[in-house]
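Have a look at the structure below, then the notes.
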Amino acid sequence: MNRWSYVLIRVLQVIPTFFVVMVLVFAAARLLPGDPLTAILGERATEEMVVKAKHELGLDQPLPVQFWIFLKDFFQGNLGDSINLKVPVTRLILERMPVTLFLTLYAAVLAAALAIPLAFVAALRKDTWADNLIRGVFQLGLSMPVFYIGLQLLTLLGARLRWFPVGGYGNTFGEHLYYLFLPALTLGFNLAAILMRNLRASILEVLQAEYVDFARAKGLRPSLILGKHVLRNALISTVTLFGLNIGGLIGGAVITETVFAIPGVGRLMVDSIFGRDYPVIQGLTLTFALLVSLVFILTDVIHAQLDPRVEAA
Amino acid sequence: MAAPALLTVKPRARRRLKPSLVAGLVIIGAFVLMALFPQVIAPYSPTAFDYQAVLQGPTAKHLFGTDNFGRDVFSRVVWGAQLDMQIALFTTLFPFLFGTLIGALTGYYGRWADAIFGRVVDIVVTFPFLVLVIAIVAVLGPGLKNMYIAVSAVGWITYGRLIRAEIRGQKRAEYALAGQVMGYTPARIIFRHLLPNAITPAIVYWMTDMALGILLGSSLGYLGLGAQPPTAEWGVLIADGKNFLATAWWISTFPGLAITLAGVGFSLLGDGLADLLRPRG
Amino acid sequence: MSEPILKLNNLCTVFHTARGRFTAVDGVNLELFPGEVLGLVGESGSGKSVTLRSILRLVRPPGRVSGEVRWRGRNLLSLSEPQMRQVRGGEISMIFQEPMTALNPVLPVGEQIAETLREHTELSGNALRQRAIELLELVGIPSPKERLRDYPHQFSGGMRQRVMIAIALASNPKLLLADEPTTALDVTIQDQILKLLLRLKDTLGMSVILVTHDLGVVAQTCERVAVMYAGRIVEVAPAAELFAQPRHAYTLGLLNSVPGAGSTRRPLIPIPGAPPDLTALPPGCSFAPRCAFATDECTAQRPPLMDISGPESPAVRLTACIHHDALSAAGEVTR
């Protein structure tokens, strides 16, 4: 068995998991308290209106039939209509998704760009003031709520110093980068802290390995030893951690988009909760779960790329 | 020469209390005191309006200034400790207990219990934690009680994984096998022999988790899905002041510092406990 | 006799740690001649591996190396780091005990050979690849072309050690430092690797310093032997003479504690006691506390390494044992 068939097996494992996820979301929407019909029809709906609405929405069918329709609709990209906005949920999500994806990716890139060099500095200067400063700042950042970091950056760099805009996300790619810098920094900071801590520890561990001594004995330049031999090995565990934390990043996007008034799916989620827009909440929850599953698969692929020994695992 | 001193192995002097543990205890101790006796510590009522003293900066009279209703920010932060310490405890207590139980059982019995647990973990990690909590709160309705339910439904997983891994390691140890040979019941082996040796990482994580609980609670409070205004929850306090950040920075900044300090305190406590509880060879 | 190619003068390697000052290598003087295989033997912790690493300045902090490593007219300890990199892997190569941990697990072996070639030769592209294949062929790896893309974990233990040797030989070094190259291997594989090393030494005209704790390996491969104890060289002699007539009490103990190379069975006599604490060495001979021959003279002051080559032994013999005469008279190796 080679490592790519290992990845294939991981992909196949995701499918039943996602099926159960769909069952759960379906069940939650129908079995938990908080009646969607009341939300749709309002408090003063008559018995007749309720029966009619139930029929239109297919809610008078037996649950298995309802689930079958739910599944079929999902795979046809039909997530129902928004109660408040009266448009298909799929269209809403597709409209809002690019901003959130951009923001999340931007945050992930910023997190890696912060974490990797600083982890090297901290590891190579272990227990010096530089190491303590880097670890202290990140530890402090980990203890701060995302929205608090966002608000302070927004006030200081946006409103007071006017270095960055205080809302929106621009029209061109360059503008996106500029407008979303503070939100991405806010969102990525926690992840950067988690990655830095892990990477620092694994760099310290890898530096002890004998292949580092052998690489030095071969006469390789320090930059090559660090950038190739040490980093590649240290990244293996960090990539897995990165994948596991992408979920946290997507969750954080909900808060960040609210703080910075960015019209992405995170903001849509919060708005829908206050508007009791159940079809949108349900669609978003499924979309987020699908996204995370895709990231997990991607993580496995990168992991297999970095570590030739995965087949043994 | 100091040779003789080096040759005789002296028992190490009594282990000093780690500074991180002491610092963590002091910080969290202070917050617990605020939580228990807010009326003693806070100079004003957290909800009393005072239109004579609106949006005042920090002074000796109002240590952290006042908000747009003239409420004393320091008093609100102190009362907030009561709610946020409660959040720290209630978001983590059930996950800790339930997760430990499940982890111990699946770790000890393995096989199908393990397989089921593995599937459940796969499913839960598929949802972004915050999204799942928000979604559950959306269905149940905003408020602290529903937040506790939502977090508890998900949070036990981490403890289960930690304990399971530890128990699986411990199970192979001599004393566990000896227990089986002696004919002890599984319950006795698990709870009297294995668990005390396996629980350290879970206790250490518990401290981190309380910090995470406060972060989550304040985030939901900020979004309006957790504690409801005018309650003095730190996240709600920050949300209250967000429109005044440019003109009256103290309204949001001090509650934010309280959250950060509590987070640092729990982290230090966790580090200190990890050090204290780690078995030494 | 020709000029030595490598000369260690008063080489010291000291580790400053929280628990005290460890003197791992304590004033080592040693010469190595062109084309020679020198064995460096001793128990674990005697400082033999650290001596090897000190030559290439590979000792990790908090270790500090002092003294002189004279290599082809230069003192390696005073070279700049970039100059030193030319020497490492270029003029002097080193192989390690455990190829599984010394080879990078996430890089194909072809890449691990190629990067050394890129550092020390002008080769690139196809020529580089050809040279890598040649090297694998040289160390006896079957179908080398196909194996360039394989990772270390896809090789057997013996084959991995061959890969490491191939990497070490990449730029035709003049000296190979081998740190227990066969300890991790099965006996039959061990034999193959040693034969390979000897053959390569002859074809490439290298000198070799072979660090080992295995006297059988020494007997099989080395022309000359230096015995180390507690960071010091205690005896230097041609291999045959050392085995026939050890002139240091420690060497005698070492020979008596292992099965002889011959077929005759004899009782093994372990050396009593344990190696000394390197943070607190006794003032005189470090071996004195464990030595049956020890007298007050031995503990009074540290005995120097003395030249005892006489008319009966034309090659240089050195020993740091005051009682070397008594040894040669009384202490025959019990075989």
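The values are calculated or read from the model by the stated rules, or taken from the named source; none is laboratory data. Note that this is a predicted model, so its numbers are computed, not measured. Please note: Cβ atoms are built from the backbone with ideal geometry, for glycine as well, and neighbour counts cover all protein chains shown. What goes into the accessible areas is simple: the full protein's heavy atoms, side chains included, and nothing from ligands, DNA or RNA. Shrake-Rupley method; radii C 1.70, N 1.55, O 1.52, S 1.80 Å.
What to note about this one:
- Screening B:L269, B:L237, B:L225 for residues that are in contact with a Lys or Arg (Cβ under 8 Å, 6 or more places away or on another chain) and more than 30 Å from B:Y109 (Cβ to Cβ) leaves exactly one candidate, B:L237.
- Scan of the stretch A:121-150 for residues that are more than 20 Å from the chain's Cα centre (by Cα) and not in a helix (DSSP H, G or I), ordered by number: A:R125, A:K126, A:D127, A:T128
- Checked against the criterion of being open to solvent by 40 Å² or more (accessible area, probe 1.4 Å), within 14 Å of chain A (Cβ to nearest Cβ) and out of contact with any Gly (no Cβ under 6 Å at 6 or more places or on another chain), the candidates C:R60, C:R70 yield just one match: C:R60.
- A:G219 being without any contact (Cβ under 8 Å) to a residue 12 or more places away in the chain, part of a loop (DSSP other than H, G, I, E, B) and within 22 Å of C:E115 (Cβ to Cβ): yes
- Of residues in the stretch C:83-139 being under 25 Å from C:W71 (Cβ atoms) and of a type in the set (S, T, Y), the one modelled with the lowest pLDDT: C:T121
- A:V270 within 14 Å of the chain's Cα centre (by Cα) and under 19 Å from A:M97 (Cβ atoms): no
- Selection from the stretch A:162-207 of residues that are at pLDDT 90 or above and assigned to a loop (DSSP other than H, G, I, E, B): A:L180
Condition check ((1) over 19 Å from the mean Cα position of the chain (by Cα); (2) basic (K, R); (3) within 14 Å of chain B (Cβ to nearest Cβ); (4) open to solvent by less than 60 Å² (accessible area, probe 1.4 Å)) across all residues:
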site	(1), (2), (3), (4)
A:P64	yes, no, no, no
A:L85	yes, no, no, no
A:R91	yes, yes, no, no
A:F102	no, no, no, yes
A:Y106	no, no, no, yes
A:L110	no, no, no, yes
A:A119	yes, no, no, yes
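- Selection over the stretch C:273-288 of residues that are under 25 Å from C:H16 (Cα atoms) and surrounded by fewer than 20 Cβ atoms within 10 Å (Cβ to Cβ) gives a count of 10.
- The number of residues in the stretch B:259-281 that are among the small types (G, A, S) and either away from chain A (no Cβ under 11 Å) or surrounded by fewer than 21 Cβ atoms within 10 Å (Cβ to Cβ) (or both) comes to 4.
- Tally, over the stretch A:262-297, of residues that are open to solvent by 40 Å² or more (accessible area, probe 1.4 Å), more than 9 Å from every other protein chain (Cβ to nearest Cβ) and not hydrophobic (A, V, I, L, M, F, W, C): 3
- Considering the conditions (1) within 14 Å of chain B (Cβ to nearest Cβ); (2) free of Cβ contacts under 8 Å to residues at least 24 places away in the same chain, A:D127 is excluded by exactly one of them, (1).
- The stretch C:170-211, residues that are at pLDDT 90 or above and within 12 Å of the chain's Cα centre (by Cα): C:L175, C:L176, C:L177, C:A178, C:D179, C:S207, C:V208, C:I209, C:L210, C:V211
- Filtered residues of the stretch B:242-258 (kept if more than 9 Å from every other protein chain (Cβ to nearest Cβ) and touching a residue at least 40 places away in the same chain (Cβ under 8 Å)): B:F244, B:T247, B:A248, B:W250, B:I251, B:F254, B:A258
- Being closer than 30 Å to B:Q86 by Cα, open to solvent by 60 Å² or more (accessible area, probe 1.4 Å), in a helix (DSSP H, G or I) and small (G, A, S) holds for only one residue in B:A138, B:A165, and it is B:A165.
- Some residue of the stretch A:229-236 being charged (D, E, K, R), within 14 Å of chain C (Cβ to nearest Cβ), surrounded by fewer than 23 Cβ atoms within 10 Å (Cβ to Cβ) and free of Cβ contacts under 8 Å to residues at least 40 places away in the same chain: no
- Scanning the stretch A:237-247 for residues that are at the interface with another protein chain (Cβ under 9 Å from one of its Cβ atoms) and open to solvent by less than 50 Å² (accessible area, probe 1.4 Å) gives A:I246, A:G247.
- Test: A:D300 is in contact with a helix residue (DSSP H, G or I) (Cβ under 6 Å, 6 or more places away or on another chain), more than 8 Å from chain B (Cβ to nearest Cβ) and among the charged types (D, E, K, R): yes
- Looking across the stretch B:222-234, the residues that are more than 14 Å from B:M85 (Cβ to Cβ) and either hydrophobic (A, V, I, L, M, F, W, C) or crowded, with 24+ Cβ neighbours inside 10 Å (or both) come down to B:Y222, B:L223, B:L225, B:G226.
- Residue ranges of strands (runs of 3 or more DSSP E) in the stretch C:1-98 with at least 2 members of a type in the set (S, T, N, Q): C:6-17, C:20-32
- Note on the stretch B:29-49: residues that are among the β-branched types (V, I, T) and open to solvent by 80 Å² or more (accessible area, probe 1.4 Å) total 1.
- Residue count for the stretch C:153-184 satisfying the condition of being open to solvent by less than 10 Å² (accessible area, probe 1.4 Å), facing chain A (nearest Cβ under 9 Å) and either in a helix (DSSP H, G or I) or in contact with a strand residue (DSSP E or B) (Cβ under 7 Å, 6 or more places away or on another chain) (or both): 4.
- The stretch C:90-123, residues that are touching a residue at least 60 places away in the same chain (Cβ under 8 Å) and out of contact with any His (no Cβ under 6 Å at 6 or more places or on another chain): C:E91, C:I92, C:S93, C:M94, C:I95, C:F96, C:Q97, C:E98, C:P99, C:M100, C:A102, C:L103
Let's see how each residue does on (1) under 30 Å from A:G283 (Cα atoms); (2) charged (D, E, K, R); (3) touching a helix residue (DSSP H, G or I) at 6+ places or on another chain (Cβ under 7 Å):
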| residue | (1), (2), (3) |
| --- | --- |
| A:F189 | yes, no, yes |
| A:I203 | no, no, yes |
| A:L207 | no, no, yes |
| A:F214 | no, no, yes |
| A:P222 | no, no, no |
| A:K228 | no, yes, no |
| A:L231 | no, no, no |
| A:L235 | no, no, yes |
| A:F242 | yes, no, yes |
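- Looking only at residues of the stretch B:91-126 that are open to solvent by 20 Å² or more (accessible area, probe 1.4 Å) and farther than 22 Å from B:P201 by Cβ, we find that the one that is farthest from the other protein chains (Cβ to nearest Cβ) is B:R111.
- Restricting attention to the stretch A:189-218, the residues that are open to solvent by 30 Å² or more (accessible area, probe 1.4 Å), more than 14 Å from chain C (Cβ to nearest Cβ) and either among the charged types (D, E, K, R) or on the phi > 0 side of the Ramachandran plot (or both) total 1.
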